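Take a look at the structure below.
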Amino acid sequence: MDASAAAIGNSHLIDYLIIGVDIGSLKSVLAAVRKGGIDIILSDTTSKQIPMVVAFTDEERTIGDAAMNQ
């Protein structure tokens, strides 16, 4: 049995992460599926919905809530 077959037989050796993205026209929701369940990725303001906005200034680029508040 090679190493990959042994890893499949021992599920504790397999570590995975699946990212799901629901893209809307103004906001999106991100989630990560792991062995322990589903984690919703929160924005800076702990909102489940992340604004789909990017703002540029001379000094920086901001995304999401920071861009909305600029």
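Worth pointing out:
- Between Lys35 and Ile19, the simple label model (points 7 Å from Cα in the Cβ direction) yields a spacing of 2.2 nm.
- With a 1.4 Å probe rolled over the protein heavy atoms of all chains, the accessible area of Asp44, Asp39, Asp22, Asp58 falls in the order Asp58, Asp44, Asp22, Asp39, largest first.
- Anisotropy class of the stretch 24-63 from Cα gyration tensor, a/c 1.5 cut: prolate
- For the pair Ala55 and Leu42, the difference between a 0.36 nm per residue extended length and the Cα-Cα distance amounts to 2.7 nm.
The values are calculated or read from the model by the stated rules, or taken from the named source; none is laboratory data. Everything numeric in this text was worked out from a predicted model, so none of it was measured. Virtual Cβ from ideal backbone geometry, glycine too; neighbours counted across all protein chains shown. The protein model used for the area step is the full one, side chains on, heavy atoms only, and it has no ligands, DNA or RNA in it. Shrake-Rupley method; radii C 1.70, N 1.55, O 1.52, S 1.80 Å.
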